[in-house]
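Single-structure report; data block below.
The values are calculated or read from the model by the stated rules, or taken from the named source; none is laboratory data. Only a predicted model underlies this, so the values are computations on that prediction, with no experimental measurement involved. Because the Cβ atoms are built from the backbone with ideal geometry, glycine has one as well, and the counts that use them run over all protein chains shown.
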């Protein structure tokens, strides 16, 4: 009787102890990419994992457009005098004399200052 009781107790102990380990084993997940239906992560190149190089002049202000826009705003003989990654500076003459206008260096050349 004692051996049967020991066997049942041992079987019950093994069953109770092994259940949490089975539950933990079900949580193993190997992440190899986005879940199905989600777009891949943007901003990284697939070759080496680094970010792609920025586009050269895809979204830059066209210098001729900046001069044309300055001319439309009343500047005479406008010409670009400085270009940096953030702004384009156009100089010309208004009825007050020499003047400058600043455009953002993005597509469409919006005015950011005078």
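For (1) closer than 30 Å to residue 114 by Cα; (2) exposed (fewer than 10 other Cβ atoms within 10 Å of the Cβ); (3) modelled with pLDDT under 65; (4) in contact with a helix residue (DSSP H, G or I) (Cβ under 8 Å, 6 or more places away or on another chain), each residue gets a yes or a no:
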| residue | (1), (2), (3), (4) |
| --- | --- |
| 25 | no, yes, yes, no |
| 38 | no, yes, no, no |
| 55 | yes, yes, yes, no |
| 65 | yes, no, no, no |
| 77 | yes, no, no, no |
Tally of residues being within 27 Å of the chain's Cα centre (by Cα) and assigned to a loop (DSSP other than H, G, I, E, B) across segment 95-114: 6
